[in-house]
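First the structure, in the form of structure tokens, and then the observations on it.
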């Protein structure tokens, strides 16, 4: 009986959470899917942002993070009851963050594989200056 209850709990949790791993495409950028850029302020200033990207720093320049501050800003700028995507420089930070968001917060999140590196160098997507 305990195994059945545990199985039902796992299945029901997976109905709400959803993690997708996908490379950036022009269609993704042109869609209504919000893209949250979790890189550092310095990276935004140096490398720019994709069109429409929502800059919300997760790790600061020293690698520190404040989950409460991040979530407060995320929930103020993004409807987290709907799917959204996250991007970083190469996809390594977002792979950790997206997994956590999906499993622990039940968000429907897309981890953009290859990050800005792939989007700008591989796909030659245009970037825009970061304006605070």
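The values are calculated or read from the model by the stated rules, or taken from the named source; none is laboratory data. Nothing here was measured: the structure is a model prediction, and the numbers come from that model. Every residue, glycine as well, gets a Cβ built from its backbone with ideal geometry; the counts of neighbours run over all protein chains shown.
Could you grab me the full set of residues in segment 55-71 that are crowded, with 17+ Cβ neighbours inside 10 Å and touching a strand residue (DSSP E or B) at 6+ places or on another chain (Cβ under 8 Å)?
Within segment 55-71, 55, 56, 58, 59 meet the criteria.
Please enumerate the residues belonging to segment 119-131 that are part of a loop (DSSP other than H, G, I, E, B) and over 13 Å from residue 48 (Cβ atoms).
Matches in segment 119-131: 123, 124.
Within segment 88-104, take every residue that is within 20 Å of residue 45 (Cβ to Cβ) and in contact with a helix residue (DSSP H, G or I) (Cβ under 6 Å, 6 or more places away or on another chain) and give me the one that is surrounded by the most Cβ atoms within 10 Å (Cβ to Cβ).
The qualifying residue surrounded by the most Cβ atoms within 10 Å (Cβ to Cβ) is 88.
Among residues belonging to segment 15-26 that are in contact with a helix residue (DSSP H, G or I) (Cβ under 6 Å, 6 or more places away or on another chain) and closer than 21 Å to residue 70 by Cβ, point out the one that is modelled with the highest pLDDT.
In this case the residue turns out to be 19.
What about residue 29, is it within 17 Å of residue 128 (Cα to Cα), in contact with a strand residue (DSSP E or B) (Cβ under 9 Å, 6 or more places away or on another chain) and at pLDDT below 95?
Criteria met by residue 29.
Can you tell me which residues in segment 105-117 are out of contact with any helix residue (DSSP H, G or I) (no Cβ under 6 Å at 6 or more places or on another chain) and either modelled with pLDDT under 95 or under 18 Å from residue 26 (Cα atoms) (or both)?
Passing the criteria: 110, 112, 113, 114, 115, 116, 117.
Please work out which residue is surrounded by the fewest Cβ atoms within 10 Å (Cβ to Cβ), limiting yourself to segment 72-84 and to residues that are without any contact (Cβ under 8 Å) to a residue 60 or more places away in the chain and within 17 Å of residue 111 (Cβ to Cβ).
Of segment 72-84, the ones without any contact (Cβ under 8 Å) to a residue 60 or more places away in the chain are 72-82, 84.
Add one more test, that the residue is within 17 Å of residue 111 (Cβ to Cβ), and what stays is 74, 78, 80, 82, 84.
Working: 74: 21, 78: 18, 80: 18, 82: 11, 84: 20.
Out of the qualifying residues, it is 82.
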